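A short worksheet on the structure shown next.
Bear in mind these aren't lab numbers, they're just calculated from the coordinates by the rules spelled out. Since we're looking at a predicted model, the values are computed, not measured. Cβ sites come from the backbone with ideal geometry, for glycine too, and all protein chains shown count toward neighbours.
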Amino acid sequence: MSSTLFTPYKLGPVTLRNRTIRSAAFESMGKDFGPTRQLKDYHVAVARGGVGMTTLAYAAVCRSGLSFNKQLWLRPEIVPGLREITDAVHREGAAAALDKVIIYDNFCQ
């Protein structure tokens, strides 16, 4: 039996170059709840290493979901930094995903 691990895989509208995925694991590389050069360099290196998709980890959708000061907080002002990371990951041939933290309370509706 031959392995399909290193063969392309269609995941919805996205085709991954292979079936390896770097799962979400908190990098602790943000600053002021936004992306940094260190975070970008890390995920670009993972992509350059040949992974099919890398996952930026632990991004809060609202302020009340924040646990750490080096965590991402999803808001309009960090979109350009996230776009820079995904563009660089795509140039290396990999896909990029984002792991969201959703905490429901009165502050996040």
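Numbers for the structure displayed
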item	result
Cross-link reach list, lysines versus Lys40, counting only Cα pairs under 19 Å and skipping chain neighbours closer than eight places	Lys31, Lys70, Lys100
Label of the coordinate-derived value, Cα Rg over 2.2 N^0.38 Å, listed as (i) 1.93; (ii) 1.15; (iii) 1.63	(ii)
The chain: angle of helix 37-48 to the longest principal axis, Cα-based, in degrees nearest 10	20
Charge context of Gly93, other residues only, Cβ under 12 angstrom, K/R +1, D/E -1	+2
Under 5 Å, built H, 5+ apart or other chain: amide partners of Leu72	Ala60
Cα centre as origin, Lys/Arg/Asp/Glu Cβ charges: the range 1-66 dipole, Debye	140
The chain: antiparallel DSSP beta bridges as a percent of all, rounded to 5	30
Cα long-axis angle, helix 79-91 against the chain (0 to 90 degrees, to the nearest 10)	10
Theoretical gain in end-to-end length, Ser23 to Ser3 [0.36 nm per residue, Cα-Cα removed]	5.2 nm
The range 22-69 - Kirkwood radius from inverse mean 1/r over Cα pairs (Å)	11.5
Estimated [θ] at 222 nm from DSSP helical runs (n ≥ 4, -39500 (n - 2.57)) normalised by residues in the chain, nearest 500	-7000 deg cm²/dmol
